[in-house]
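Since the structure comes first, as structure tokens, the remarks are kept for the end.
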Amino acid sequence: AYEIPKRDWSSDVCSSDLHRSRSRRALTMAPRQSAWRRFIESDIWWSFKHTPVAMAASVVALLLIAGAVGAPILAPHQPFNLATLSLNDALMPPAWVEGGELRYPLGTDDQGRDVLSTLLYGSRISLLVGVSSVLLAMVLGVSLGLLSGYLGGRLDAFIMRVADVQLSFPAILIALLIDGVARTLISAGSHADWMTIAVLIGSISLANWVQYARTVRGSTLIERNKEYVQAARVIGVRPVRIMLRHVLPNSLGPVLVIATINIAQAIITEATLSFLGVGVPPTTPSLGTMINNGNNFLYSGEWWLVIFPGAALVLLCMSVNLLGDWLRDALNPRLQ
């Protein structure tokens, strides 16, 4: 009779367990893809490489930012060191104009300060005010937008009515109002340069938080009714954790685009306030104070005192705006 051979099930179980352990070991030993590698392979980087305008704008912005950050190293002179200034060098034209000197490539101002060095140092203050005010406005607006959209009720109505009232006034007027009130509340002995810059940053940020709040509120109203948020509520996750870990990451796309564009607007607002004499103090360099100072000598023929700071302001704001436009298109799924 034919005898059916017995199968050793214990060996099969051992071999299957060995296969599973080897598979787990292979998965754990496989190198994880780094964040930089994921960024290189992402759609955003592909879109950036295939957008010449964005690449050119990023190069211009990086050059201006590098010049501002490295001003102590790159600047040929110390424009605010009184020991190195001489009134005999005042109002010298650029080096390629008759009467100019190579040690002052872009000329000098009425106090003998090198325009190129002052431009590098002034860009630092403008970038500091622009980036800091945008970050502060983003934190305030995103927080209020999350609370308004997720909790709703009277809090939502109150925040949105305040936003509607603020939108009825131009941002520059609101910044002027807040800046004036803050300066009167600070004692006369506290009018230091850093205090004035802090007041300027606060006034610009309080004038621009509404856009972030309304954008995040709209996204939160959509996200809070989705299944993953309802599942988090069912398992007992606290509302604060739901807002920060689930709702907020899905609302940051439009916020990043608005923040990129608002950096240029904040820099222009700082330059406008400084031009009007209520922004950065005259003893502190900024693009706005340089334009304000050069405006007094424009009709007497010293054109370089206005042209070069104005060109730097235009290039900086235009490059940031172009990057914001590209980022908006890159993050729009309808255009993919």
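Odds and ends about this structure:
- Selection within region 47-56 - open to solvent by 60 Å² or more (accessible area, probe 1.4 Å) and more than 16 Å from N321 (Cα to Cα): K49, H50
- Evaluation of G99 against (1) open to solvent by less than 50 Å² (accessible area, probe 1.4 Å); (2) in a loop (DSSP other than H, G, I, E, B); (3) more than 17 Å from I291 (Cα to Cα) (one fails), failing number: (1)
- Filter result (under 23 Å from G253 (Cβ atoms), modelled with pLDDT under 75 and part of a helix (DSSP H, G or I)) within region 23-56: A35, W36, F39
- Selected residue (only one of V240, V229, V247, V255 is open to solvent by 60 Å² or more (accessible area, probe 1.4 Å) and in a helix (DSSP H, G or I)): V240
- Of all residues in region 278-336 being part of a helix (DSSP H, G or I) and polar (S, T, N, Q), the one that is surrounded by the most Cβ atoms within 10 Å (Cβ to Cβ): T289
- For region 57-96, a residue qualifies if it is touching a residue at least 12 places away in the same chain (Cβ under 8 Å), out of contact with any Pro (no Cβ under 8 Å at 6 or more places or on another chain), in a loop (DSSP other than H, G, I, E, B) and open to solvent by 70 Å² or more (accessible area, probe 1.4 Å), and exactly one does: Q78.
- Within the option set V165, V142, being open to solvent by 60 Å² or more (accessible area, probe 1.4 Å) and in a helix (DSSP H, G or I) holds for one residue only, V165.
- Tally of residues being in contact (Cβ under 8 Å) with a residue 60 or more places away in the chain and over 26 Å from Q211 (Cα atoms) across region 255-286: 5
- Tallying residues that are touching a helix residue (DSSP H, G or I) at 6+ places or on another chain (Cβ under 7 Å) and under 25 Å from N250 (Cα atoms) within region 143-188 yields 12.
The values are calculated or read from the model by the stated rules, or taken from the named source; none is laboratory data. Please read all numbers here as calculations on a predicted model, not as lab measurements. Cβ sites come from the backbone with ideal geometry, for glycine too, and all protein chains shown count toward neighbours. SASA here: full protein model, heavy atoms, side chains in, ligands and nucleic acids out. Shrake-Rupley method; radii C 1.70, N 1.55, O 1.52, S 1.80 Å.
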